[in-house]
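The values are calculated or read from the model by the stated rules, or taken from the named source; none is laboratory data. As the structure is a prediction and not an experimental result, all values here were calculated from the model. Cβ placement follows ideal geometry from the backbone for every residue including glycine, while neighbour counts extend to all protein chains displayed.
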Amino acid sequence: MARRKAPRIPDALLDQLLAGADPKTAFDAHGLHDDLKKALAERALNAEMDHHLAGDDAGNSRNGYGRNTVTTETGRIELEIPRDRQATFDPQLIAKYQRRFPGFDDKIVSMYARGMSTREIAGHLRELYGIEVSPDLVSAVTDAVLEEVATWQARPLEPVYPLVFFDALRIKVRDKGVVRNKAVHIALHVRADGAKEILGLWLEQNEGAKFWLRVMNELRNRGVEDILLAVVDGLKAFPNAIRAVFPEVMVQTCIVHLLRHSLDFVSYKDRKPVDAALKGIYRAIDAAASEAALGAFEESLWGRRYPAITQNWRRAWGEVVPFYAFPANVRRILYTTNAIEALNAKLRRAVRARGHFPTDEAAMKLLFLVLNRSEKEWKTGPREWVMAKAQFAVIFGERFTRAMAA
């Protein structure tokens with residue numbers, strides 16, 4: 001389909017608007033740009049009044065103008081707001097008590113989502129645009145996101161999800177006067193068509209069976225009836241909690257997280273050879289060959305030097321085995337976990353810029369905005385998903401067919 005071109009303003013009209021003035025001043029405060037905003041806004045407000053009077057009871061008419069000063073991204077402009085005699089006119093473009101031009105709040109929210117604090121945003125607006133905006137105003141604008149967070153967190157979900165990644169990252173939050181470490185848990189799913197979406201976001205200081213059971217029941221109450229494969233990062237008490245709510249789920253430990261945890265036991269100079277030795281385990285052709293490779297590693301020089309690695313793998317073995325039911329290109333989806341890793345990288349950048357959060361709500365605001373921006377950037381699913389769908393159809397049968405039909 002041909003792309004529609006934006007309407008072009010005639011050069012003669014532009015010349016008339018500039019009227020010999022220096023074009024460089026057009027975007028200065030109170031320059032042509034602001035004048036056009038004022039003129040267009042007032043024209044739209046008058047059109048709203050005409051529409052209101054046309055549908056109103058007989059006897060109502062215009063009654064002059066009131067004034068309203070609104071803040072834009074380039075400064076403040078004063079608008080003349082039409083009034084009617086019966087005082088029933090409620091403008092939609094600029095509400096009666098609105099003090100910021102449409103789009104201004106979006107710019108504040110966008111800066112907040114990039115990790116800037118309320119004071120940094122206020123300073124940024126003052127330095128670039130000469131606008132005096134208090135940190136309290138910035139906080140009030142971003143607080144409006146909390147309602148959106150609550151709605152998003154309670155939205156209905158689809159009945160079946162083929163693949164869900166559960167991951168966590170640590171942040172610092174001030175709680176009762178003390179800065180504490182808390183875990184942010186994220187559920188990212190891949191739908192049957194390969195598209196990605198965030199199911200939910202949970203902030204908790206201590207994770208355990210009760211916490212994960214609450215999360216699973218929340219997903220159930222929001223409409224989820226079945227999860228085919230859940231990939232987790234070694235979260236404690238998770239397998240039993242998810243199976244209590246979704247009995248048929250296949251739980252898979254994230255191989256990347258298992259490898260990282262294994263290398264935590266290893267000195268820096270030994271990490272490369274140990275990492276190379278572990279490849280024989282997760283690249284084995286099947287579960288039996290992998291278990292044999294694990295035994296060989298245990299008897300090797302590195303296995304004897306770092307026995308905790310083998311113990312770590314054996315403890316998680318029940319959640320490692322499902323991995324070998326898939327061919328190599330499907331396994332790549334599970335152990336590279338590019339989607340969740342890229343998402344975590346963005347979250348960590350935003351969190352590092354903050355240091356710590358004053359409240360749980362402040363943390364949820366920022367994390368939600370980062371997730372929301374990330375979702376808009378996702379265009380297509382993993383390249384391997386076409387092959388994965390065929391494998392999922394064989395392994396999960398009617399359960400996957402139901403996910404495709406959802």
| query | Which one is surrounded by the fewest Cβ atoms within 10 Å (Cβ to Cβ) among residues in the range 186-233 that are without any contact (Cβ under 8 Å) to a residue 40 or more places away in the chain and within 15 Å of the chain's Cα centre (by Cα)? | reply | Trp202
| query | Could you count how many residues in the range 256-273 are of a type outside the set (Asp, Glu) and over 19 Å from Arg315 (Cα atoms)? | reply | 6
| task | Output the residues belonging to the range 286-335 that are acidic (Asp, Glu) and over 29 Å from Val190 (Cβ atoms). | result | Glu298, Glu299
| request: Determine if the range 100-113 includes at least one residue that is touching a strand residue (DSSP E or B) at 6+ places or on another chain (Cβ under 6 Å), modelled with pLDDT under 75 and part of a loop (DSSP other than H, G, I, E, B). | output: yes
| Taking helices (runs of 4 or more DSSP H) that fall entirely within the range 287-332, which contain at least 3 residues that are of a type in the set (Gly, Ala, Ser), out of contact with any Gly (no Cβ under 8 Å at 6 or more places or on another chain) and within 24 Å of Pro239 (Cα to Cα)? | 287-299
| task | Can you tell me which residue within the range 123-158, out of those that are farther than 24 Å from Thr69 by Cα and exposed (fewer than 13 other Cβ atoms within 10 Å of the Cβ), is modelled with the lowest pLDDT? | result | Glu147
| request: Test Lys346 against the criterion of being over 23 Å from Phe238 (Cβ atoms) and surrounded by 13 or more Cβ atoms within 10 Å (Cβ to Cβ), and give yes or no. | output: yes
| query | Has the range 234-247 got at least one residue that is without any contact (Cβ under 8 Å) to a residue 60 or more places away in the chain, surrounded by fewer than 19 Cβ atoms within 10 Å (Cβ to Cβ) and under 25 Å from the mean Cα position of the chain (by Cα)? | reply | yes
| In the range 69-84, residue modelled with the highest pLDDT [restricted to those that are within 24 Å of Ala122 (Cβ to Cβ) and in contact with a helix residue (DSSP H, G or I) (Cβ under 7 Å, 6 or more places away or on another chain)] | Leu79
| request: Restrict the check to the range 323-332 and report whether at least one residue is modelled with pLDDT under 80, of a type in the set (Val, Ile, Thr), out of contact with any Lys or Arg (no Cβ under 9 Å at 6 or more places or on another chain) and crowded, with 17+ Cβ neighbours inside 10 Å. | output: yes
| request: Could you run through the range 229-286 and say how many residues are of a type in the set (Val, Ile, Thr) and part of a helix (DSSP H, G or I)? | output: 6
| Cβ-Cβ under 9 Å pairs, at least 6 apart or on other chains, the range 158-172 side more than 7 Å from Ile227 (Cα to Cα) and in the same structural domain as Glu204 (by TED's automatic domain parsing), far side surrounded by 17 or more Cβ atoms within 10 Å (Cβ to Cβ) and of a type in the set (S, T, N, Q) | Phe165/Thr337; Asp167/Thr337; Asp167/Asn344; Leu169/Asn344
| said: If I filter the range 336-350 for residues that are under 21 Å from Leu228 (Cβ atoms), touching a Lys or Arg at 6+ places or on another chain (Cβ under 6 Å) and not basic (Lys, Arg), do I get at least one hit? | reply: yes
